[in-house]
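Notes for the one structure printed next.
Derivation of every value follows stated rules applied to the coordinates shown; laboratory data play no part. A quick note: this is a predicted structure, and the numbers were derived from the prediction, not measured. Glycine also receives a Cβ, built like all others from the backbone with ideal geometry; neighbour counts cover every protein chain displayed.
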Amino acid sequence: MKEEQKQKYVDDIVSGSLPDQESFTKEEMNYIAMSILAWCAEQIDHTWLEMKHDDIDNLVANCEYKTPNEAIQDVEQGMEDEMLGLRDFIMDYFSPSL
């Protein structure tokens, strides 16, 4: 597989579409699958970085939690919401292409 073809596949994936071909070789399918997984990993990294708090002390000071459990539950709920949103984003990203 030529480098130009690999780049085209990556460009298609990044733009939210799948390569427009009738059939693919095993090598092409492997490359496309690995590219999609790499794209998904980048989305996970991005979401994780957005979820992290650099200033935990300030976050706690500005929140009015009555118990540590309440704070933990709130953080867990926020993380769950972010991860489920990411899951939906990944699933919907290629949907128009299918």
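Can you tell which of 18, 59, 37 shows the greatest fluctuation in a Gaussian network model of the chain with Cα springs below 10 Å?
The residue with the greatest mean-square fluctuation here is 59.
Pick from 60, 14, 75 the residue whose mean-square fluctuation is largest in a GNM of the chain, springs joining Cα atoms under 10 Å.
Maximum among the listed residues: 60.
Report the Stokes-Einstein translational diffusion coefficient (µm² s⁻¹, integer) for segment 3-97, Rh taken as the Kirkwood radius over Cα pairs, at 25 °C with viscosity 0.890 mPa s.
In µm²/s, the coefficient rounds to 152.
Sum up the charges of everything whose Cβ sits under 13 Å from the Cβ of residue 39, counting Lys and Arg as +1 and Asp and Glu as -1, but leave residue 39 out.
-4
For the Cα atoms of the chain, what angle does the longest principal axis make with the long axis of helix 68-93, in degrees from 0 to 90, nearest 10?
20 degrees
Give the lysines reachable from residue 8 as a straight Cα distance under 27 Å; neighbours fewer than 8 places away on the same chain don't count.
26
Let me spell out the model: positive unit charges on the Cβ of Lys and Arg, negative unit charges on the Cβ of Asp and Glu, origin at the Cα centre of the chain. What dipole size does that give, in debye rounded to 20?
That gives the chain a dipole magnitude of about 400 debye.
Comparing 15, 23, 35, which has the greatest mean-square fluctuation in the GNM of the chain with Cα pairs linked when under 10 Å apart?
Answer for the Gaussian network model of the chain: 23.
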